[in-house]
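Written out below as structure tokens is the structure these notes cover.
The values are calculated or read from the model by the stated rules, or taken from the named source; none is laboratory data. Here the structure is a predicted model, which is why all the values come from computation and not from measurement. Virtual Cβ from ideal backbone geometry, glycine too; neighbours counted across all protein chains shown.
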Amino acid sequence: MSLYGLVRPLLFSLDPETAHQTGLRLAGLLLPKKLHSPVRAMGLEFANPVGLAAGLDKDAKHIDALARMGFGFIEVGTVTPRPQPGNPRPRLFRIPEKEAIINRFGFNNVGVDAFLANVARARWRGVLGINIGKNADTPVERAVDDYQHCLEKVYGAASYVTINISSPNTAGLRSLQERDSLDRLLEKLTSLRQTLSKRHGKRVPLVLKIAPDLEPEDIPSIAASVQRHEVDGVVATNTSLSREGVENLPHATETGGLSGAPIRERATRALKEFSSGLPGTTLIGAGGILSAEDAREKRTAGASLIQLYTGLIYRGPGLVAECVSAYRGK
């Protein structure tokens, strides 16, 4: 049995959010792993194609500890302009019968200034993605202001920046995926990037994180916006509002986003559709990766890179090496 197999029962005996924080602290005790299977995407060199999804380290406090697992890249956040507590606890629920989680955190974070101070303290120098969002009390019609503020703040520290418009836990956020709203947002952010690239002497890739719950007719419109505004990548996908696969199980009726094994097919279907509509755009597969076979499925569907979150909760750090091997074709 792996070390994580021994520790997991203890972690699962704790309240899920307490276990989440405990697990982050324990990550610092791991022996460092260097898993080399280099990938070039978005003009960046990744040590391997397996990354950490945003949401696990919302405040960028644990970058060095998480890097010890052997990730090829790490994405931190979601960060907002101002600190906010997120939704009341409890807001994280396990559904172990289906290797799933429901969360309704609501972008709890320390705010962009404290977040960047944490980033500056990290020693790890791999590819670092920074995931940005809007404050809960910012009206959706002024959401662009929050995204611009965050982009300007994090630009110098980020290897790439992910625009999160797909969390189900901030009211109105997903409306930004609609055609006119998305075009306006991407136009403003890519224009700002031109200014920032001159100021900083580097062009930072922009990535759009989308929901798995899109209607088929929505995907061509989003893909067209991504191409029109020269967005560099798409993360497919965020968590789901669907409860397919967990019906009648404890916690299944909790509000929030569902992640883990039950959303794998839904997320992979969206990934395939974006792959068809976005040749040449980097696709990052996320959602329901709990094995090497799941990683191979994402690769076949068009993902150059993948990200893990819920799989780590159920499988532990060994999943990272498994997925790297899957991308090597072993």
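Being closer than 25 Å to A224 by Cα and over 18 Å from the mean Cα position of the chain (by Cα) is a property that L249 lacks. The one condition from (1) at pLDDT below 95; (2) not in a loop (DSSP other than H, G, I, E, B) that E215 does not meet is (2).
Every residue, every condition in (1) assigned to a helix (DSSP H, G or I); (2) under 16 Å from the mean Cα position of the chain (by Cα); (3) surrounded by 19 or more Cβ atoms within 10 Å (Cβ to Cβ), yes or no:
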site	(1), (2), (3)
A54	no, yes, yes
D64	yes, no, no
I74	no, yes, yes
T78	no, yes, yes
R82	no, no, no
P88	no, no, no
R94	no, no, yes
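Each row is one residue, and each column tells you yes or no for (1) surrounded by fewer than 21 Cβ atoms within 10 Å (Cβ to Cβ); (2) of a type outside the set (F, W, Y); (3) modelled with pLDDT of 95 or more; (4) within 18 Å of the chain's Cα centre (by Cα).
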| site | (1), (2), (3), (4) |
| --- | --- |
| Y155 | yes, no, yes, yes |
| A171 | yes, yes, no, no |
| L182 | no, yes, yes, no |
| E187 | yes, yes, yes, no |
| T190 | yes, yes, yes, no |
| R193 | no, yes, yes, no |
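Taking first residues from the stretch 161-175 that are outside any loop (DSSP other than H, G, I, E, B) and partners that are modelled with pLDDT of 90 or more and of a type in the set (D, E), the Cβ contacts under 7 Å between residues at least 6 apart in sequence or on separate chains come to T162/E75. With respect to the conditions (1) buried (at least 24 other Cβ atoms within 10 Å of the Cβ); (2) part of a helix (DSSP H, G or I), I289 lacks only one, and its number is (2). Of all residues in the stretch 187-200, those that are assigned to a helix (DSSP H, G or I) have Cβ atoms under 7 Å from Cβ atoms of residues that are small (G, A, S), 6 or more apart or on another chain, in H200/G156.
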